[in-house]
Amino acid sequence: MALDKQRFDTLILGAGGAGLNAALQLANANLKVAVVSKVFPTRSHTVAAQGGVNAALANVLPDNWHWHMFDTVKGSDYLGDQDAIEYMCREAIPTVYELEHNGVPFSRLPNGKIYQRAFGGQSQNFGGDQAARTCAAADRTGHAILHTLYQQNIRAKTHFYDEYFAVDLIKDEEGVVLGALVLNIATGEPLLIESKTTLLATGGCGQVFRTTSNAHINTGDGMAMALRAGLPLMDMEFFQFHPTGIAGKGMLITEGVRGEGGYLINKDGERFMEKYAPNAKDLASRDVVARSIVTEVREGRGCGPDGDHVMLKVDHLGEDVIAKRLPGIRESSKIFAGVDPVQDPIPVFPTAHYVMGGIPTDRFGRVMPTASDDGDPLPGLYAAGECACASVHGANRLGGNSLLDILVFGRLAGHNIIEYVKQNSAHRPLSDDSVAQSVDRLERWDVKGEGITVSELRKEFRKTMEDHAGVFRVEDMMADGVEKVKAIRDKLKDVRLTDHSATFNTNRTEALELENLIDVGLSIAVSALHRKESRGAHSRPDFPKREDGEWMKHTLYWKEGDKLEYKGVRSQPLTVESFPPKERVY
Amino acid sequence: MIDEGELKNLDRLRWQCRRGMLELDVLLEAFLEQHYSELPTRMQRHFIQLLEFPDPIIHAWCVGGEKPDDEEFAELVASIRATSVA
Ligand SMILES: Cc1cc2nc3c(=O)[nH]c(=O)nc-3n(C[C@H](O)[C@H](O)[C@H](O)COP(=O)(O)OP(=O)(O)OC[C@H]3O[C@@H](n4cnc5c(N)ncnc54)[C@H](O)[C@@H]3O)c2cc1C
């Protein structure tokens, strides 16, 4: 196969908030930057973020980065690295101001300062009164950020490869990453992009689970590319589930519905949360509600012909309250669940929302290839955003902290790349082997004939993940799940495309995504099986306690041999005292 | 201008229906598969134009219940909303 080649100083895979903020730093420093995105940049998943981004600006209530840091460490259930968290909370402030200067239309106070709203998990004075820390641009924060960063990148002459699919990282003999093989979705032609540095910013992987709030593009491609390049993924067992997604579809039904008096019932009409959380009932914390729903379903009290969901009842609130206080819910339920909540309950099930784990990096976005804490980063490879794990969310992410994570670490990775390129100004020779391997992977899909379809295997895989590595995690079930997912991975070789055309072949793109999903899925299933404690989003009824003695450590998973290693949490911040682990009560 | 080839290129449109919001993925894809081919050319052009709008605007129209000013656009949006995805 003859390959076209292009050369850049730096290649960025992904055009969400992380990728675009990195690109902008680099293009402004006059580096030759390529950004590759499988969809048009402003259609990246960052657009879905409405809530906002946290920074201790103290515009509405007293605040400082140290309080923000405390909340984040506590929220992480003490699995977050405190040096990285300190860094993020301090950098939040210049990062938000830089966005403001670049033109993000943040909502404002009458005095002209950026408006800040209160969100769960935020406190003043280390666990005291509610703080107001979240900066928003009306209810379109993600869109406003993406749009502004995209325009600024166009101005700064960033080169965009829109609708190109990144297939694999290319390495040389010494394992140094030198760019990526990408596929032009419109023509089906591959292209080799050579670069001195590469940044993975491909976002999350919610599509691993059957029910998810994530868009279809969130298939963990960059994470799987890292795995195939021999790199580990860190803390993949920590996946945040929102308790009420529309059953079988995944769209979020906000917590506000239960806040206004909506409640959950099983097939017998029983208000089951009274059993699991006699005081807080339907307003218990997310993980408790999610696990209760799954328990009802598993014990045969689920609703619907397959008994696979429960119901959220709101009709008793009356049409006026629903219209006034819960706008959007009625429309969403009608369209996606086919029920009018004014009359009928909404079918719901926990929906996979956010992955805390990812490609391990230090706080400069450099990828860390080993479990050794003082080991060297991999030269030339960076990761930022939801695909990365700088370990700021630990076992549980706080609302408004993930936009922050992508923007801060995108920006800092950009700064670090500028330094790296100054010191490594020449392109290194490519390895033919590495190129050939990924071309082979692409060409494998040209094989014609009978076989399993992509959509069949994807369906089986996502359901298996939901049943065996989702909210409800007990030993036998999970062990069984790992074997099942491995069997699914073996079946990949029997998958055949139903469409072999070259242009806009969604069937082929989805096949490549399926390979990625399965690799990432196994990292979740295997990591979860082996963590024998409950911490943050990872909760195991068979090991219900957090075990700080044994488990204050990060999981690292490698694809080769499905191997696991562990490395200690970095509990020492940069300039302040460490926050020692405490029981997490709110 | 949207040419004839673009109108017929369902494969391309299918990829354009990949959005940053799950709601739009589900709704636009379903509409494309179920109804697009039967639409009069004029409406097909509107659909292609719709796909060029930012996600929050399409969301406000197709899910949030806001109405576009243009009558024909509003008609298209109404049929997208009525697509069976449940
Ligand atoms: C419904 C919803 C609401 C949310 N609300 C908030 C909120 O209010 N506040 C908050 O802090 N967080 C929120 N989050 C989380 C937050 O939106 C995400 O974590 C964040 O936007 C991820 O940004 P990113 O830059 O890492 O990736 P994304 O924005 O997902 O971008 C990934 C990019 O990578 C590209 N890409 C992926 N794979 C490939 C490939 N193989 N080849 C080429 N390109 C590829 C995509 O095209 C895209 O450009 C929300 C999440 C959801 C699901």
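The values are calculated or read from the model by the stated rules, or taken from the named source; none is laboratory data. Being a predicted model, the structure only gives us computed values, none of them experimental. Note: ideal-geometry Cβ built from the backbone for every residue, glycine included; neighbour counts use all protein chains shown. Remember, those area values only see protein heavy atoms, side chains included, never the ligands or the DNA or RNA. Shrake-Rupley method; radii C 1.70, N 1.55, O 1.52, S 1.80 Å.
At 1.4 Å probe radius, can you tell me the per residue accessible area of chain B in Å²?
Counting only protein heavy atoms, the per-residue value for chain B is 44 Å².
Residue separation of A:Ala479 and A:Thr453 scaled by 0.36 nm, minus their Cα-Cα distance, works out to 6.7 nm of gained length.
For the peptides A:498-508, A:240-250, residues were scored by their other Cβ atoms within 10 Å and the scores averaged per peptide; the highest-first order is A:240-250, A:498-508. According to the Kirkwood relation over distinct C-alpha pairs, the hydrodynamic radius of segment A:372-470 is 18.3 Å. For segment A:253-373, the residue among A:Gly259, A:Val321, A:Phe336 whose Cα projects farthest onto the positive side of the dipole built from Cβ charges is A:Gly259. Estimated at 0.36 nm per residue, the fully extended path between A:Glu565 and A:Arg325 surpasses their Cα-Cα distance by 81.6 nm.
Counting pairs of alpha carbon atoms under 8 Å apart in space and at least six apart in sequence, what relative contact order in percent does chain B give? The partial results should precede the final answer.
Values: 60 pairs, mean separation 27.7, N = 86.
That works out to 32 percent.
For segment A:62-158, the alpha-carbon radius of gyration amounts to 1.20 times the rule-of-thumb value 2.2 N^0.38 Å expected for a compact globular protein.
Mean per-residue shielding of peptide B:54-64 is 5, counting Cβ atoms of other chains within 10 Å of each Cβ.
Per-residue 3J(HN,Hα) values for segment A:6-23, derived from phi via the Karplus relation 6.51 cos²θ - 1.76 cosθ + 1.60 with θ = phi - 60°, read 10, 10, 9, 5, 9, 10, 10, 9, x, 10, x, x, 5, x, 6, 6, 5, 4 Hz in sequence order (x marks Gly and Pro).
Hey, with R₀ at 35 Å, roughly what FRET efficiency would A:Thr254 and A:Arg298 work out to, going by the Cβ-Cβ distance, to 0.05? Present the calculation step by step, with values, prior to reporting the outcome.
Working: r = 25 Å, r/R0 = 0.72.
Efficiency for this residue pair is about 0.85.
Rounded, prolate or oblate for segment A:65-106? Axes are the square roots of the Cα gyration tensor eigenvalues, ordered a ≥ b ≥ c, and the cut-off for rounded is a/c under 1.5. It comes out prolate by the Cα gyration axes. Place a point 7 Å from the Cα of B:Glu75 along the Cα-to-Cβ direction; which residues of segment B:24-53 have their backbone N under 17 Å from it? The answer is B:35-50.
The calculated 222 nm mean residue ellipticity attributable to helices in chain A amounts to -10500 deg cm²/dmol, summing -39500 (n - 2.57) over DSSP H runs of n ≥ 4 and dividing by all residues.
When you filter the chymotrypsin sites (Phe, Trp or Tyr not before Pro) in segment A:110-195 for DSSP loop state and at most 12 other Cβ atoms inside 10 Å of their Cβ, you are left with A:Phe126.
Beta bridges assigned by DSSP with both partners in segment A:13-172 are antiparallel in approximately 55 percent of cases. Listed by chain and number, the lysines whose alpha-carbon sits under 22 Å from that of A:Lys313, ignoring those within fewer than 8 places in the same chain, are A:Lys249, A:Lys267, A:Lys275, A:Lys281, A:Lys324, A:Lys334.
Note on chain B: percent of Cα-Cα distances in each 10 Å bin, starting at 0 and stopping at the bin with the largest distance, equals 17, 58, 24, 0.
Scanning residues 5 or more positions from A:Ile170 or on other chains, those with amide H under 5 Å from its amide H are A:Leu178, A:Gly179, A:Ala180, A:Leu181, with H placed 1.01 Å from N in the peptide plane. Ranked from largest, the principal axis spans of the Cα set of segment A:102-170 equal 49, 31, 18 Å.
Can you give the mean number of other chain Cβ atoms that lie within 10 Å of the Cβ atoms in peptide A:61-67?
Numbers: counts 0, 0, 0, 0, 0, 0, 0.
The per-residue average across the peptide is 0.
What is the mean number of Cβ atoms from other protein chains located within 10 Å of the Cβ atom of each residue in peptide A:246-254, rounded to a whole number? Each step should come with its number before you reach the end.
Values: counts 4, 0, 1, 5, 3, 5, 2, 0, 0.
Average neighbour count from other chains, rounded to a whole number: 2.
Fully extending the segment from B:Lys8 to B:Glu38 would add 9.6 nm, taking 0.36 nm per residue of separation and subtracting the current Cα-Cα distance. Among the GluC sites (Glu not before Pro) in segment B:45-84, those located in a DSSP loop and surrounded by at most 10 other Cβ atoms within 10 Å of their own Cβ are B:Glu52.
To the nearest 20 debye, what is the magnitude of the charge dipole of chain B about its Cα centre, counting +1 on the Cβ of each Lys and Arg and -1 on the Cβ of each Asp and Glu?
About 200 debye.
Given contacts defined as C-alpha pairs under 8 Å and at least six residues apart, what's the relative contact order of segment A:245-350, whole-number percent? Could you put the intermediate results ahead of the total?
Working: 157 pairs, mean separation 35.7, N = 106.
So the answer I get is 34 percent.
The Kirkwood radius of segment A:245-350, taken over pairs of alpha-carbon atoms, gives through the Stokes-Einstein law at 10 °C and 1.306 mPa s a diffusion coefficient of 117 µm² s⁻¹.
Remark: segment A:432-546 is approximated by an ellipsoid whose semi-axes, taken from the C-alpha gyration tensor as √(5λ), come to 33, 15, 11 Å, largest first. Sequentially through segment A:145-159, phi angles give Karplus couplings (6.51, -1.76, 1.60; θ = phi - 60°) of 5, 4, 4, 5, 5, 5, 4, 5, 5, 4, 4, 7, 6, 5, 8 Hz, Gly and Pro residues having no value and appearing as x. Note on chain A: antiparallel DSSP beta bridges, both residues inside, total approximately 65 percent of the bridges counted. Peptide packing: for A:441-447, A:465-471, A:183-189, the average count of neighbouring Cβ atoms within 10 Å per residue gives the ranking A:465-471, A:183-189, A:441-447, highest mean first.
For chain A, what is the relative contact order in percent, using Cα pairs closer than 8 Å and at least 6 residues apart in sequence? Over chain A, the number comes to 21 percent.
Working note: Debye formula, equal point scatterers on the alpha-carbon atoms of the protein assembly as shown, no solvent; log10 I(q)/I(0) at q = 0.05, 0.06, 0.08 Å⁻¹ is -0.21, -0.31, -0.56.
Annotation note: GluC sites (Glu not before Pro) in segment A:275-330 located in DSSP loop regions with a Cβ neighbour count of at most 13 within 10 Å are A:Glu299.
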